[in-house]
1. What number do you get for the range 37-90 when its Cα radius of gyration is normalised by 2.2 N^0.38 Å, N = residues?
2. What percent of all Cα-Cα pairs in the range 412-520 falls into each 10 Å bin, going from 0 up to the bin containing the maximum distance?
3. Which percent of the Cα-Cα distances in the range 305-386 go past 20 Å?
4. Hey, if you drop one equal point scatterer on each alpha-carbon of the range 487-628 and run the Debye formula without solvent, what base-10 log of I(q)/I(0) do you get at q = 0.09, 0.10, 0.14, 0.16 Å⁻¹?
5. Sort 159, 250, 409 so that the residue with the fewest other Cβ atoms within 10 Å of its own Cβ comes first and the one with the most comes last.
6. To one decimal place, what orientation-averaged projected area in nm² is obtained for the convex hull of the Cα set of the range 462-564?
7. Once the cut-off is 26 Å, how many percent of the Cα-Cα pairs in the range 314-467 end up in the long-distance tail?
8. Quick one: Cα centre-to-centre distance for the range 551-601 and the range 351-414, in angstrom?
């Protein structure tokens, strides 16, 4: 896209100060065009970024980044921030392998103070940055700003941070970006005027002087001061209904119009000069400037670069399975954390509104709430992305597993996830939850398996995870329809009597393993492929019989190797005295996860060619270093 004249002038945030407000508004329009053009090609978060263009410009105009530290909650609204902090020439590479990330990343720029990707973390992180500055160098008077949306404010971590920030009294500016009006607004112009007045330096000086004078009144000073404090609280109660920020120790201003750069600049400047905790409550419109996104902000929250879907995806299969099962079983309830559409629960919600619960961005609560439902006789299903379920590890162990409650966890986006980088990869759930007591973990390879596993899960009396990828389901094979047997998987093909090789895999890698088998067949190398189905529990005797049937075992796992199912199988082999050789193909600890799922599979040697190469490496008589073995 051709860079317009105003945008060409911006090489660093400080350049914004040389622009008039008319030029800043022109710049905002140019940035919106650039974001829409880029995201339509690369995919990305559209509505959230279009909603904060003016806010971002005002924030960078008044603060001195990176000396003043800006932390973006979730980070899905940081595109304008990236464009004006020296990255607009690289913006065309957004979310592509080797390009710039779709979220803040400290390795990209000193202006990205904290990596984010999950919600509700910004206030804690910004407060930590300030506290460290206060300890290490008190001469520095820089502030920190946490930009958090009203949705992210539903997370308990945000409330914990607000409570602590009010106690510390450090110069923290919390920008509450309210685009859903989920927090009750203060009513009337007088409220807005008074909240802005409270941030003025002259008002603060008068308040401190007046309080000191009152306390010096002989005999009656303390009593009179207490009366004054109560009077101020009474006034706040009248004009700041439902405003708990003031009670926590913050100055509060708002709500104010979030697309007025002049007004935003004035308020942010006052907040910085105040040098104490401040909440600035701004009202913005998601998708601002793009009519489709304005009308349907949820649909345009995250936009794919490829909107063509050739077949049913795992998410839809799960959605249909729970929807159909709920017609027969009134005990089934669905719980999600602000991801109704993303987890495929829209149809369930429409037909069963009394049994559908969207708890907001509060995964911990979702799990313990489900535990309460289960304890009273319901069959709750918690549908949350694999990367976000990490936030509720303690609740799953303490509130569900230790009590052996029948809660089903549907973990969407398990395994590699395209384009969103390391914060959104679903590669840790196996390692995290395989050790959880009483937990059962299943991994379907196809639609029929997912449907059968869900029906089986509803009959299971204990906690259970079904993990599946953000992918279209593969073409059906007969093995997908075989009955579910606890602890056992299925061979995809008819076992070859003379094969020395077997690939054991977790369900999401079916396509890659099946393709690898085809490559090997072409080279005259026979290999059987075994779909584990159950990651936990494992029928050890049955699996040992498989291990002892082959000379070479290759385990392909779309998850982190440390603590994964492959490590367990290796331990089992040693413990039972199996004589097979084992090679693990899994995810390494590298943290560069930007790219498509196909690119990430290739990078971590989980693509079809790499799996086939691993088999070849194990079958050659003279060992060849795997690093120099050409891929098939």
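The numbers here are math on the coordinates, done by the rules we state, and not lab data. Worth saying up front: this structure is predicted, and the values here are computed from it rather than measured. Backbone-built Cβ (ideal geometry, glycine too); neighbour counts: all protein chains shown.
1. On the way: Rg = 11.4 Å, N = 54, 2.2 N^0.38 = 10.0 Å.
Normalised by 2.2 N^0.38 Å, the Cα Rg of the range 37-90 equals 1.14.
2. 12, 41, 34, 12, 0
3. Numbers: 1055 of 3321 pairs.
The share of Cα pairs beyond 20 Å in the range 305-386 comes to 32 percent.
4. Results for the range 487-628 at q = 0.09, 0.10, 0.14, 0.16 Å⁻¹ read -0.25, -0.31, -0.62, -0.82.
5. Ordered by Cβ neighbours within 10 Å, fewest first: 159, 250, 409.
6. On the way: hull surface 30.7 nm².
Computed as one quarter of the Cα hull surface, the answer is 7.7 nm².
7. Numbers: 1722 of 11781 pairs.
Distances greater than 26 Å cover 15 percent of the Cα pairs.
8. Using only Cα atoms, the two centres lie 28 Å from each other.
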